[in-house]
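In what follows, a single structure is set out as structure tokens and then discussed.
The values are calculated or read from the model by the stated rules, or taken from the named source; none is laboratory data. Predicted model only: the values in this text are computed from it and were never measured. Don't worry about glycine lacking a Cβ; one is built from the backbone with ideal geometry, like all the others, and counts go over all protein chains shown. SASA here: full protein model, heavy atoms, side chains in, ligands and nucleic acids out. Shrake-Rupley method; radii C 1.70, N 1.55, O 1.52, S 1.80 Å.
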Amino acid sequence: MDENKLEAKLLKIKALAERGEGGERESALRLYQKLLKKYDIDEEALQKDRLNKHWFTYHSDIEENLLVQIFYMVTGDTEYFRRKSKTRGNQCGCMCTDFEKTEIRFYFEFYRKALQEELEAFLMAFKLKNHLFPDESARCYVAEEAEDPEVSDILLKAQKLAEDIDKSSPVRMISTEASDIPEENEPELSESSVG
């Protein structure tokens, strides 16, 4: 196995062993010790304590927010940096060790996927709560077919989430905006007529 890939894998497993819970933690620790022994790696050599600026790519404001929170979780430091790269896109960086860099990458990949799944369920819940689906009066209305089992799980979760979402009302917004418009018969007051 390539030395860099092995080191990255070991660092991910060690991070899981340090932050995991219960059986997950114990399994990761056993695997970590087994791989150290198998490849005759000195644990001290694996942990490099030198701080460097490391950069991580993200694709949206929500991902940036998540990444910065993971920086804080792993390092305890609130300082981070931003840059835009023509080849890599938007990036955030922080001062961290190589071990922390691997840990940040591991957690960011994991939680980014989990966040995306939660956002999909939330978006579905928002659509449900606000009835953003066509009815028979829609020009291109087609009756819905049976649900895919995977979609059903998301739909069930979305229905539970929808219970806690405040319903948005475009009619309320329009009526609020309309109350700000003077009526045609109502004369508008100017500064000269007020006096």
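A crude spin-label estimate for the pair Asp135 and Trp55, with each label 7 Å from Cα along the Cβ direction, gives 5.3 nm. Mind listing which GluC sites (Glu not before Pro) in the stretch 53-113 are in a DSSP loop and have 11 or fewer other Cβ atoms within 10 Å? Qualifying residues, ordered by number: Glu79. Each label point was placed 7 Å from the Cα along the Cα-to-Cβ direction; for Lys167 and Leu115 their separation is 3.2 nm. Among the trypsin sites (Lys or Arg not before Pro) in the stretch 49-131, those placed in a DSSP loop whose Cβ has at most 11 other Cβ atoms within 10 Å are Arg50, Lys86, Arg88. What the stretch 56-114 shows is 59 Å² of accessible area per residue, with the surface traced by a 1.4 Å probe over protein heavy atoms.
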